[in-house]
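What follows is a short report on a single structure.
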Amino acid sequence: MDVLEQTRAFDARIAELAGRQHGVVARRQLLALGLGREAVEVRIRSGRLHRLHSGVYAVGHKVLPPEARWMAAVLFCGPAAALSHRSATMLWRLRGHSSRAIDVTSGSKSRSRNGIRRHYAVLPSDEVTVERGIAVTTVPRTLLDFAAVASVDEVEHALRESEYLRLYDRLSLPDLLDRYPRRHGARVVRECLARRAEAPSGRVKSRLEEKFLPFLRRHELPLPQLNAWISLEQASYEVDCLWPTTKTIVELDGYAGHGTRGAFREDRARDRRLRVAGYGVTRIAWAQLDDEPDEIAADLRVLLSAV
């Protein structure tokens with residue numbers, strides 16, 4: 001095999017490896033493929049490899065989706081590393097946003113740098129898995145770690161979302177609490193599990209709904225069914241919050257979902273049909289929860305006490 005054929009063969013192997021890893025590779029993996037150190041440097045100089053971290057490269061270009069950035073961070077932190085904490089909640093789709101720093105847990109102690117937030121722990125095999133080709137903490141372990149850096153409301157939302165997505169694991173959250181009873185975050189997880197035992201059914205779909213449940217708890221108001229369906233003769237409607245006993249409905253209006261003229265008209269027509277069927281419909285906007293919380297709580301208390 002001549003030099004050109006050998007180069008093409010190595011490039012094909014690199015492309016195959018990168019295709020399994022969201023377009024990124026580690027130097028140690030290239031050496032394991034049989035490339036020499038000089039061959040790696042030649043590809044860096046020619047722009048076929050782009051340095052992301054020390055010893056970690058993007059293949060071909062540097063326009064990277066989140067999965068590629070997560071993969072690169074895990075590769076940089078070593079073979080036993082796993083995505084964790086806030087970043088793991090994003091990979092599992094339990095949260096829709098996070099800080100720019102990428103959380104990685106590994107068994108080697110090292111300071112955070114290069115946009116990677118390092119966490120030290122020797123992760124047992126039953127607390128790590130692979131999702132979308134990326135080593136990541138299991139959902140229960142992710143929730144336990146997340147509870148160490150997030151509020152109770154944030155963790156409850158992530159827990160609710162994991163239940164909705166049916167992201168269960170052989171090792172459950174209660175199992176982890178038994179394993180780590182005094183771990184930072186354990187208290188928050190216990191509170192979340194207690195809340196879930198008495199929580200309303202349904203999925204929290206928006207940030208406003210996520211904000212509304214803590215508001216109800218602070219004012220000691222009963223919790224509703226979330227995103228519940230009501231069937232009328234004309235049609236079926238999904239409502240944000242429903243208290244069936246009093247037939248009370250609260251719609252949480254964010255501009256993104258209700259800001260067009262068509263959406264405005266359809267909302268009002270739907271409210272009219274629900275009122276004809278005997279339901280009381282109240283609309284609450286995001287700013288009102290901040291600007292007039294006591295007034296809203298007092299009005300809801302009256303509405304929810306009516307029979």
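Values in this text are rule-based calculations from the coordinates and carry no lab data. Treat the numbers as computed from the prediction; the structure is a model and nothing was measured.
Once the Cα atoms of the chain are picked out, what are the Rg and Dmax in Å?
Gyration radius and largest Cα-Cα distance of the chain: 25.1, 87 Å.
With contacts defined as alpha carbon pairs under 8 Å and 6 or more residues apart, what's the relative contact order of the range 3-61 in percent?
32 percent.
On a full-extension model of 0.36 nm per residue, what is the gain between Leu221 and Asp299, subtracting their alpha-carbon distance, rounded to one decimal in nm?
27.0 nm
Run through the DSSP bridge list for the range 67-197 and note the antiparallel percent, rounded to the nearest 5.
Within the range 67-197, antiparallel bridges account for around 55 percent of the total.
In the chain, what % of DSSP beta bridges are antiparallel (nearest 5)?
The answer is about 65 percent antiparallel.
Compute the relative contact order of the range 12-141 as a whole-number percentage, counting only Cα pairs closer than 8 Å that sit 6 or more residues apart in sequence.
In percent, rounded to a whole number, it is 19.
Normalised by the residues of the chain, what does the relative contact order come to in percent, with Cα pairs under 8 Å and at least six apart?
Worked out over the chain, it gives 9 percent.
Could you pull out every one of the lysines with an alpha carbon less than 27 Å from that of Lys211, ignoring same-chain neighbours closer than 8 positions?
Correct list for Lys211: Lys247.
Scale the Cα Rg of the range 67-197 by the rule-of-thumb value 2.2 N^0.38 Å and send over the ratio, two decimals.
That works out to 0.97 for the range 67-197.
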